[in-house]
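Everything below concerns the one structure shown next.
The values are calculated or read from the model by the stated rules, or taken from the named source; none is laboratory data. As the structure is a computational prediction, the values presented were derived from the model and not from experiment. What goes into the accessible areas is simple: the full protein's heavy atoms, side chains included, and nothing from ligands, DNA or RNA. Shrake-Rupley method; radii C 1.70, N 1.55, O 1.52, S 1.80 Å.
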Amino acid sequence: MDIVTKLVLVACLVFLINLPFGYWRSSVEKFSKQWFLAVHIPVPFVIALRIFSHLGWHLITFPIIITAFFMGQFLGGKVRILLKKRV
């Protein structure tokens with residue numbers, strides 16, 4: 001598998017991992033202990049994905065993975081807000 005395919009796959013997985021954590025983060029007080037945990041618990045999983053996918057630590061991969069991380073957090077929070085409005 002080439003590096004671009006691996007990068008896209010890892011970015012998608014990072015995004016999906018962060019959706020539930022973004023959902024959780026949006027339900028707690030900002031900068032509280034739970035908020036901190038919701039943001040930082042997924043980090044070891046992202047690092048493990050990078051290692052096990054043999055993606056490496058190329059500089060170009062960082063903005064893509066970081067963007068996927070924060071988009072998952074952001075959209076997870078938006079999902080919670082949209083579901084809350086429906087109820």
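Before moving on, here are some points about what is shown:
- With every protein chain in place, the chain: carbon and sulfur % of accessible area (1.4 Å): 76
- Proximal lysine pairs, the chain, alpha carbons under 25 Å, eight or more residues apart or interchain: 5
- Normalising by residue count, segment 1-57 has a Cα convex hull of 72 Å³ per residue.
- Among complete DSSP H helices in the chain, those whose alpha-carbon atoms stretch at least 18 Å along the helix's long axis and whose mean Kyte-Doolittle hydropathy reaches 1.0 are 3-25.
- Per residue accessible area of the chain, 1.4 Å probe, in Å²: 69
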